[in-house]
Amino acid sequence: MYRGTRLLILVSVAMVLTLLAPRAPEALAHAELFRIGDVRVEGNAYLTREEVLDVLRLSPDGSIWDDPKPMETRLEGHPLVLSARVYRNFPNGLSVEVVERSPVALVSTPVLVPIDREGRFLPIDPAGHRLDLPLVARHRQGAGWDRVDEIAALTPAELRTLAAEVERLAEIDPDLLASVSDLALDRGGDVLLRLAEPSVTLRYRPPLAPRRLQEGLRVLGDALEREPDLIPTSVDLRFADQVVVQFFESREP
């Protein structure tokens, strides 16, 4: 008899806890113990902690039991945030993990503005963060290979094309990317990639394949060795069966 009564009590308690469990956070949300008092931000290189808090818009009475999804959605709406997660730190803290969009190039608007791999404008001060990135622009029609127009605005599609080429080059040859001063897109859709050292322009139809890049650099190296008195100005990679190197003038007066 005693065992039966005990079992009945345990079953009743379990049923009550099951019914109350979904409402437990709602009840605990009003407890002073769980009121948000500390917020830790991780993964931010360009966003400040204060900027993250402004985007979170935490209520003075906010509790760690509040639904984190709206906070994550607000953060992911920021142009610098690719993804965000908010976790509870008991008893009164939150951990915010953000994955920021990385700048890959600069575009003149006419002030310099960073863009990410998708061609999105990023609210980052290039001078404040010392961004050493190539400039993307439109090739000035009718001008020389190395002339770009920093005034004409690139379309979103053109920005995506050039940003993707910078990202691709970073994967293929990061050391070469460090020598790239700018990339331009001409009317026909060709990319003109200007190197600082050696001072030469690579012209190709995107996307740039790793094998094709290596062929162009190898031919350029051979040309520099074979024609030491000539200055190479451009390497044309648009033709599958050949690499065309153009020279400007003799190095000697």
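Assorted remarks:
Table: residues versus (1) out of contact with any helix residue (DSSP H, G or I) (no Cβ under 7 Å at 6 or more places or on another chain); (2) in a helix (DSSP H, G or I); (3) at pLDDT 95 or above; (4) not assigned by TED's automatic domain parsing to the domain that holds residue 182.
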position: 55; (1), (2), (3), (4): no, yes, yes, yes
position: 65; (1), (2), (3), (4): no, no, no, yes
position: 84; (1), (2), (3), (4): no, no, yes, yes
position: 91; (1), (2), (3), (4): no, no, no, yes
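- Selection within segment 65-102: residues that are in contact (Cβ under 8 Å) with a residue 40 or more places away in the chain and crowded, with 21+ Cβ neighbours inside 10 Å. The member of this set that is nearest to the chain's Cα centre (by Cα) is 80.
- Within segment 201-236, being of a type in the set (Val, Ile, Thr) and over 23 Å from residue 158 (Cβ atoms) holds for 219, 231, 233.
- Odd one out for residue 234 among (1) touching a Pro at 6+ places or on another chain (Cβ under 7 Å); (2) touching a residue at least 60 places away in the same chain (Cβ under 8 Å): (1)
- Cross-chain or 6+ apart pairs with Cβ under 9 Å, segment 213-227 first and over 12 Å from residue 202 (Cα atoms) and in a helix (DSSP H, G or I), then small (Gly, Ala, Ser) and modelled with pLDDT of 95 or more: none
- Counted residues, segment 228-241 - those being aliphatic (A, V, I, L, M) and not in a strand (DSSP E or B): 2
Table: residues versus (1) under 21 Å from residue 120 (Cβ atoms); (2) outside the structural domain of residue 241 (by TED's automatic domain parsing); (3) outside any loop (DSSP other than H, G, I, E, B); (4) touching a residue at least 24 places away in the same chain (Cβ under 8 Å).
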| site | (1), (2), (3), (4) |
| --- | --- |
| 160 | yes, no, yes, yes |
| 175 | no, no, yes, no |
| 183 | yes, no, yes, yes |
| 192 | no, no, yes, yes |
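- Here the condition is being touching a His at 6+ places or on another chain (Cβ under 9 Å) and assigned to a loop (DSSP other than H, G, I, E, B); of 47, 131, it holds for 47 alone.
- Only listed residue being modelled with pLDDT of 90 or more and under 23 Å from residue 232 (Cα atoms), chosen from 198, 174: 174
The values are calculated or read from the model by the stated rules, or taken from the named source; none is laboratory data. Note that this is a predicted model, so its numbers are computed, not measured. Heads up, the Cβs are rebuilt from the backbone with ideal geometry, glycines too, and the neighbour counts pull from every protein chain shown.
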